[in-house]
Structure formats: structure tokens, C-alpha cells
Ligand code: SF4
């Protein structure tokens with residue numbers, strides 16, 4: 001090992017930590033060919049968790065031996081070949097389910113261990129990987145889905161994202177972190193990288209250095225959701241584009257060496273940042289990076305919440321991007337192939353995934369727009385979606401997830417459809433559903449967050465229910481939404497939401513939203 005594991009002799013390490021010391025998570029990659037040849041029964045139960053480092057989770061119920069696979073898509077950029085490869089994998093092995101996650105990644109379900117080597121082979125052929133998509137390791141880097149084509153970005157983050165992503169890929173110096181580590185690199189002025197909910201976020205900034213105005217980044221650290229949500233805090237430094245990798249390494253090293261390894265639920269970077277404070281964090285970081293300038297001018301100017309519906313000009317003259325709605329981020333593989341065909345016929349085949357589980361088709365010349373918009377695909381995946389379906393987000397839930405308390409994806413889809421039929425409001429209402437406190441559906445930043453719980457009903461039967469939270473945003477440094485009293489049984493949720501939204505519509509000021517802007 002190139003570095004010393006300074007925590008190795010801590011007597012309070014949790015069980016997962018002891019296991020990681022014995023065998024690094026990435027080692028599972030070497031075992032997978034053997035397991036694939038010998039079948040699911042050849043995998044020892046105690047090895048199941050280490051599959052996460054390869055981007056694989058056993059789906060619910062674990063004993064059936066089917067895997068969920070997450071493919072990393074740094075800041076959501078996919079070429080035609082990558083999109084077609086992903087669609088074909090979903091069709092050949094994943095019962096044609098193709099899910100877009102809230103971190104711009106792609107998920108497959110129903111895979112068997114025998115399928116994995118061929119899938120890895122196909123992915124690597126087009127430059128994609130699952131390694132580090134899950135596990136205690138730097139995860140998929142999120143950011144501006146419009147990177148490089150965006151009229152609202154202060155610089156093109158694509159080369160920086162590639163550099164940082166490549167550095168951490170399969171890097172054994174950083175494959176044993178206390179928990180997952182989420183990074184955002186974004187230069188869009190409308191906070192397209194959801195900075196505040198990441199462990200480490202680079203946000204657009206400028207500073208005059210030696211008489212010259214330089215554009216670069218500010219840094220926020222210590223954000224994260226789950227049951228103890230925290231918003232990332234600003235560190236008083238200015239980072240030039242060429243310094244991003246060193247800063248990312250520094251932050252990750254601090255987390256690796258000083259992050260908590262005693263209790264899993266206290267192991268995220270946010271707890272260390274909270275205990276240290278940003279001043280101490282900055283002083284420690286500078287020991288790794290060397291001197292950096294103090295913070296300059298913040299260039300963030302609002303929050304677009306990750307929505308890009310419609311046709312908009314790119315920064316390249318004569319080219320446009322087209323934002324479409326993918327209800328709850330789920331597509332059939334045949335529709336993905338159709339999307340690829342359309343993207344290639346009218347553009348160059350490139351698409352982008354959004355944190356809102358939607359898709360952007362990039363690089364469409366002006367003269368192709370009209371013909372593109374006449375394609376049948378957009379009847380199913382519209383540019384102007386119905387109000388509630390267009391702003392609904394959901395995690396996986398009991399359909400596949402072992403930690404889920406409630407069904408989510410199909411339920412959220414049904415509720416959004418019902419609300420679209422029943423009412424209309426003059427502002428979008430962003431609804432996020434999540435099947436447990438882990439909050440992969442990011443309910444904390446929604447106008448209306450719906451968190452799955454279990455409760456006893458009047459007949460004392462345990463039923464699926466939801467807590468309702470209101471007023472989340474990432475505008476103006478962000479605010480976590482607030483819990484309303486009580487829980488609503490799943491079966492009553494559509495009507496309760498309808499009544500609640502009707503009351504909001506009938507009593508609100510024109511253009512008033514759930515958050516005071
Ligand atoms: Fe599973 Fe909970 Fe994440 Fe939903 S939020 S996908 S239920 S772990």
C-alpha cells in the first residue's frame with residue numbers, strides 16, 4: 001500500500017472497517033470471474049457486501065441471487081455508442097429496465113452473476129465503468145449536464161471532471177474511505193450540480209489575481225442527506241481549474257484519514273466537518289494542497305433545480321439542446337434505442353442525464369429541430385410534461401431495494417398521474433419520494449418530500465405510510481424541508497396530497513411557491 005492506514009489500530013473500528021482492513025473492497029473485481037463461472041452459490045455470504053465496490057448490490061430478496069448494477073456516468077454525458085451499449089445490456093440481461101438515478105448514473109436490475117463479465121467487457125469497450133459506483137469510495141461525480149454546451153456556464157468542466165474521475169477510478173489509495181464520498185463539479189451559474197448536498201462540491205467563482213480576473217471555483221464541504229441531513233458549507237479558498245484535482249485529493253485524503261470509522265451512521269464527511277468547523281478543515285486542507293488564494297466572487301446566481309425542459313440554444317452557434325421528461329427516470333430498453341436513433345439522426349447522438357432523472361439531447365442543428373420535434377418518441381417522453389409528472393422524482397423502493405420500507409417508483413408515478421388529472425397550479429411543485437431515510441430520492445430538497453415509513457393503522461396492522469416534508473430548496477445556500485405532523489397511510493396519500501395542494505392553490509399569492517424566494 002502506498003499510504004499508511006493510520007486508523008488500523010483503533011480498537012473501536014466497526015465490523016465493516018475490520019473487514020475492509022482484511023480485504024480491500026476493490027479486490028472483489030478479481031473474484032468476480034470465478035463466481036461467474038461457478039454460480040451464485042459459490043459466493044460466500046460474507047462477500048455479498050463487497051460487491052458494492054464493483055457497482056453491484058443484491059436486489060431484494062437477496063437469496064434469489066439477482067443483482068442491481070449501477071453504471072457511473074460522470075456529470076451525465078453519454079455518447080451514442082455508450083447509450084446503445086447500455087440499452088443493449090438492459091435488453092439482453094436486465095429485463096429491459098433502464099433507470100436514471102438522482103446522481104446521473106444508470107441502473108440495471110435482474111442481472112445474474114453469470115452475466116457480469118460480459119457486461120463489464122461491453123462497458124469497458126465504450127469507456128464506461130461500474131467500479132466505485134457504490135461502496136465506501138469516491139462515487140460518480142455529478143455536475144452540470146450541459147457542461148461544454150451551456151450558455152450559463154463560466155467554464156467547460158468536462159476536462160476537469162475527466163481528470164478527477166480518472167484519478168479516483170480503481171485507485172487503491174482511496175478505495176477504503178469511512179463511507180461513500182460524493183463529489184460535484186459544476187460551473188453553471190444556476191447550481192446545476194446541487195452543490196449543498198454533496199460531501200465536496202466545486203462551484204463557479206472568480207477572483208482578481210495580480211490584476212487579472214480569473215475564473216475558477218469555490219469549495220463547499222460536508223453536505224449529505226439521509227436521516228441527519230446537512231448542507232455543505234463554504235471553505236474560504238479560491239481554486240483555479242488546474243488546482244481542482246489537488247483540492248479533490250486533499251479533501252478525500254482528510255476524509256480517509258480523519259473520518260469516523262466507529263459508527264457507520266456517523267461516518268460521512270459531514271460529521272467531521274461539523275465537529276471541526278470549516279476553519280480547521282481549511283487549515284488542514286492547505287497542508288495537503290499548499291497555499292491557495294482566499295475566496296473571491298461567488299458566481300452562483302440561483303438554482304435551476306436540475307430541470308431543462310424544452311429547446312434552447314447552446315453556446316455553439318447554430319446548435320441546440322432539447323430537454324425531455326422521463327417519468328420517474330425509467331425507460332424501456334427499446335425506448336432507449338429509439339432515443340439513441342433520434343439523437344443520432346438529428347444531432348450527433350450525444351445525450352445527457354439529469355439529476356432529476358430526465359434526459360437532454362445535445363448538439364441538434366437549428367435546421368433539424370422541426371423534424372426532431374415531430375418524432376413519436378416525444379409523445380411518450382414530452383418536452384412539456386404534465387405538471388406533476390414532470391416534476392416527480394423517486395428512488396427505487398421495495399421493488400428492488402433491500403433497505404426500502406415502502407414501494408416508491410410506481411406509486412409516485414400513479415400519484416403524479418392522478419394529480420395531473422385532478423388539479424393544476426400556477427407554479428411547478430417538485431415532489432420527491434424516498435422509500436426509507438437513506439433518501440436516494442433526495443426528499444430533503446423537494447417542495448414536497450415524501451418519506452416512506454411503516455406504521456400501525458387503526459386495525460393495528462403494519463402498513464406502508466409516508467411522512468410529508470415541505471419547503472426544501474438549494475437556492476441561496478439551501479434549506480432542508482420541514483416535516484409536517486403525522487404520517488399518512490399509502491392508500492390515503494393521493495387524496496391527502498390532492499387536498500393539501502388544493503388548499504395551497506386556493507390560499508397562496510400569485511407565483512408563491514413552497515419556499516420563500
Ligand atoms: Fe432504497 Fe432507501 Fe435508497 Fe430508496 S432511499 S433506494 S428505499 S436505500
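The values are calculated or read from the model by the stated rules, or taken from the named source; none is laboratory data. Since this is a predicted model, take the numbers as computed values, not measurements. Here the Cβ is made from the backbone with ideal geometry for all residues, glycine too, and neighbour counts use every protein chain on show.
Here are the numbers for the structure shown:
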| read-out | value |
| --- | --- |
| Residue identified as farther than 21 Å from residue 193 by Cα and either surrounded by 22 or more Cβ atoms within 10 Å (Cβ to Cβ) or modelled with pLDDT of 95 or more (or both) among 222, 259 | 259 |
| Of residues in region 262-287 being crowded, with 19+ Cβ neighbours inside 10 Å and outside any helix (DSSP H, G or I), the one nearest to the chain's Cα centre (by Cα) | 268 |
| Residues being in a loop (DSSP other than H, G, I, E, B) and under 17 Å from residue 416 (Cα atoms) - total across region 475-500 | 0 |
| Test set (1) without any contact (Cβ under 8 Å) to a residue 60 or more places away in the chain; (2) surrounded by fewer than 21 Cβ atoms within 10 Å (Cβ to Cβ) - residue 67 fails condition number | (2) |
| Only one of 221, 251 that is touching a strand residue (DSSP E or B) at 6+ places or on another chain (Cβ under 9 Å), without any contact (Cβ under 8 Å) to a residue 60 or more places away in the chain and under 16 Å from residue 273 (Cα atoms) | 251 |
| Residues that are farther than 21 Å from residue 422 by Cα and within 26 Å of the chain's Cα centre (by Cα), drawn from region 365-380 | 377, 378 |
| Residues that are loosely packed, with under 13 Cβ neighbours inside 10 Å, in contact with a helix residue (DSSP H, G or I) (Cβ under 8 Å, 6 or more places away or on another chain) and not in a helix (DSSP H, G or I), drawn from region 24-59 | 39 |
| Odd one out for residue 62, checked against (1) surrounded by 16 or more Cβ atoms within 10 Å (Cβ to Cβ); (2) in contact (Cβ under 8 Å) with a residue 40 or more places away in the chain; (3) under 27 Å from the mean Cα position of the chain (by Cα) | (1) |
| The lone exception for residue 121 - which of (1) touching a residue at least 40 places away in the same chain (Cβ under 8 Å); (2) surrounded by fewer than 24 Cβ atoms within 10 Å (Cβ to Cβ) it fails | (1) |
